[in-house]
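Chemist: Mind having a look at this structure? Questions to follow.
Each value in this text was obtained by applying a stated rule to the coordinates, not by laboratory testing. None of the values given here were measured: they were computed from a predicted structure. Here the Cβ positions follow ideal geometry from the backbone for every residue, glycine too, while neighbour counts run over all protein chains shown.
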Amino acid sequence: MGRKRKRIVRTKPIPTLPIVFDCPLCGTGKSINIEVNRKIKTAVIRCGKCKVQVTRPIRPIEERVDVFGDWLDDLLAEENESE
Ligand SMILES: [Zn+2]
């Protein structure tokens, strides 16, 4: 009697999932794309709608969501300063 082997195929999650965020400047949902370049320790934030492009330095531990959060904090800080 032959034993049937169960073959489990594991699919690894793709590490470069496109994570998109809502743009805080033009208010368009899911229009922000963030490219992280760990080699040069920078991230480029781009909005597909209003074409804003921001390059920010990042720390090695930072993920895209952190980059986005920091950018939002900076935007809010700038707004407070100008008033
Ligand atoms: Zn925008």
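Chemist: What's the Cα-based Rg to Rh of the chain, Rh via Kirkwood?
Modeler: 1.28
Chemist: Roughly how many debye, to the nearest 20, is the charge dipole of the chain about its Cα centre, given +1 on each Lys and Arg Cβ, -1 on each Asp and Glu Cβ, and no other charges?
Modeler: Details: 17 positive and 12 negative charges, 355 e Å.
For this selection, approximately 1700 debye.
Chemist: OK, next. Would you look at the GNM of the chain, springs on alpha carbons closer than 10 Å, and say which of 32, 40, 58 moves the most?
Modeler: 40
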